[in-house]
Each structure stands twice: as structure tokens, then as C-alpha cells.
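Read the figures in this text as sums done on the coordinates, not as results from a lab. Please read these numbers as outputs of a predicted model, since none were measured by experiment. Don't worry about glycine lacking a Cβ; one is built from the backbone with ideal geometry, like all the others, and counts go over all protein chains shown.
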Amino acid sequence: MSPAASTPAASTLAVEAPAWFISDLHLTPGMPRTLAAFERVLERAAEQARTLFILGDFFEFWIGDEESEAPFPRAVAAALARLAARGVPVYLMHGNRDFLLGPRFAREAGATLLPDPTVIDCAGHRVVLTHGDMLCTNDTRYMRFRHWTRKPWIQRLFLALPLSWRLGIARKLRSDSEAGRQRPGPPRDYGDVAPAAVAALLRDSGTAAMVHGHTHRPARHDEPHGLRWVLTDWDLDGPHPRAAALQLDAEGFRELPQLD
Ligand code: MN
């Protein structure tokens, strides 16, 4: 069985419309404009949305919930908690960079951690949500990494390491990826989803629509088995500004105007 055919959440999460979806903000203190745009989106969401989904890679990296004590994550958690306090539930899914986001951060952010994948029911639409990395089954090296790093016992071992060791490991992983990004030539290839994995997830979840991020290839795809919305990553500090959100309500999906 392919890794994409992992068991979808048994139950369906019913949420109020309009629901907003964002992903891959890669928040880090080094990207102040991106953080400012996120805070503006939260302001808008408080007025216009009834549910907010953040579909992974919310932080550039996360090495354990002790990070919640640092000023930057604290400010982010407080901003999310303000939205939740205004009556808009916030749901957080793990990405491949922040899969160690834990219950402590979620509590401080007033957010609910979601399993990947999760099926939602919103305004009569059944939709499967995933970060998207599990669909990139052609990247066997990454799938192996994912397989091991998502094992709870491996995570417990990692989290038991001193924070300074974990930081060292995270910096090493990050500098490898930065080196890849700064290579001259065409933009770095993040890998794309495998059509068979998309078909399997739609089939196994009994849905005809999917929303994911991760691939940095924002688009609306009409797949043979359903609709697939790919969210953009966010970056308002670099040369190609992007920070879009997707909305779902009774009328279906709609891209929200880009913020800058
Ligand atoms: Mn990702």
C-alpha cells in the first residue's frame, strides 16, 4: 500500500462557513513583512471568516514546544489566540518543517491540532485537507525520512535531546535547504504530488475535493477524481511577494485577494 493511502481521519470535522485556508507561511523572525501580513489576515478573518485552517509549515522550523517561550512564537501564539477569542476556531495541521508543534503551543494559541489528512464538512462540501508532503510519493528519499520522523518513539527520543543539540540538527537541515534554494539557475524543485497518491486519498476519504499546500505550486486542478486546490506559500520579504488565502462557503471555493 502506498504511504498516501494512510487511513484518513475516521470522523468528519464539521465547521462553520466561510472557512479560510492558508499554508506554508514559514514564519520566522527574519521575515517581518510576512508576519505583518499574517496579522492583517487574522484581523480580516475575525470579521469575515468563521473558521481558519493553517495547513502546515506555519513555522520555518520547530524543534519542540520549549520554543513557545521565545518572544517570536509567543507573539504568533498570542495573535492566534486573539482570533480564537473572537469566536473563530483555529485549526493547525503539521507540515514537514513544524511537525513537532505540540499541545503546549496549540493551547497557547487557542488552536486545535489536526491529523493529516482530515476530512471536513463545510457548508455542505466534504473536503479532504492535507499538508501535501504525503502525496509526493515519487520522492522516495523524503518518504523514508517522513516515515521515520513521524514515529512517536523517534520524536520522543529527539525531544529528549538537549535543546542546543536539537537546534544544531535543525540548523544543519535548514542550511542544507537554504544552500539548495540559493543555487543559481531555475527555482528549486520542491517536487510535486503523484497523481496516483491524489486519486488514492480522494477515494479513501470519500471526497471529491482536496486542499493542500507544500508544493509551492498554487493552482486549481480539475483531477479525474475531483477538485484539487493547491495553496501558495507566503513570502512578503523576498522579490516575489505572495500571500493568498482560499475561502470555502456554500457557493464553493474562492481565492481571496492577495495581501501585501
Ligand atoms: Mn511543506
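Tabulated values for the structure
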read-out	value
J(HN,Hα) series, segment 85-99, from Karplus relation 6.51 cos²θ - 1.76 cosθ + 1.60, nearest Hz, glycine and proline x	5, 8, x, 10, x, 10, 10, 10, 10, 6, x, 7, 9, 10, 6
P(r) of segment 201-260 over all Cα-Cα pairs, binned every 10 Å from zero, in whole percent	20, 48, 24, 8, 0
Residue-span extension gain [Glu69 to Ile169] - 0.36 nm each, minus C-alpha spacing	34.0 nm
Gaussian network model of the chain, Cα within-10 Å springs - most flexible of Pro32, Pro241, Pro162	Pro162
Per-peptide average of other Cβ atoms within 10 Å, ordering 86-94, 21-29 highest first	21-29, 86-94
Length gained when the stretch Arg156-Asp192 is fully extended (0.36 nm per residue, less Cα-Cα span)	10.0 nm
Pairwise FRET efficiency - Asp121 versus Arg82, Cβ, R0 = 25 Å, nearest 0.05	0.40
Signed unit charges on C-beta, dipole axis of the chain, positive-most listed residue Trp165, His225, Ala244	Trp165
MRE, 222 nm, helices only [DSSP H, n ≥ 4, -39500 (n - 2.57), over the chain, to nearest 500]	-11000 deg cm²/dmol
Nonlocal amide H pairs with Asp98, under 5 Å, H built at 1.01 Å	Asp57
Candidates His221, His125, His240: whichever shows maximal mean-square fluctuation once the chain is modelled as a Gaussian network with Cα springs under 10 Å	His240
Contact order relative to length of segment 1-104, as percent, for alpha carbon pairs under 8 angstrom and 6 or more apart	32
Size of charge dipole - the chain - debye, nearest 20, with Cβ of Lys, Arg +1 and Asp, Glu -1, no other charges	600
Alpha-carbon centroid distance for the pair segment 124-173 / segment 48-94, whole angstrom	19
Sequence-separation-based contact order of the chain, relative, with Cα cut under 8 Å and 6+ spacing, percent	25
Residue among Ala106, Ala45, Ala170 with the largest mean-square fluctuation in a Gaussian network model of the chain, springs linking Cα atoms under 10 Å	Ala170
P(r) histogram, all alpha-carbon pairs of the chain included - 10 Å bins from 0, percent	7, 31, 38, 22, 2
Spin-label zone in segment 51-80 - amide nitrogen under 18 Å from a point set 7 Å from the Cα of Ala36 along the C-beta vector	72, 75-76, 79
Label zone at Asp237, where the point sits 7 Å out along the Cα-to-Cβ direction: segment 46-88 residues whose backbone N lies under 13 Å	59-61, 72-73
Ranked packing of 136-147, 227-238, most packed first, by mean Cβ within 10 Å	227-238, 136-147
Segment 1-143: equivalent-ellipsoid semi-axes (sqrt of 5 x gyration tensor eigenvalues, Cα, Å)	24, 20, 13
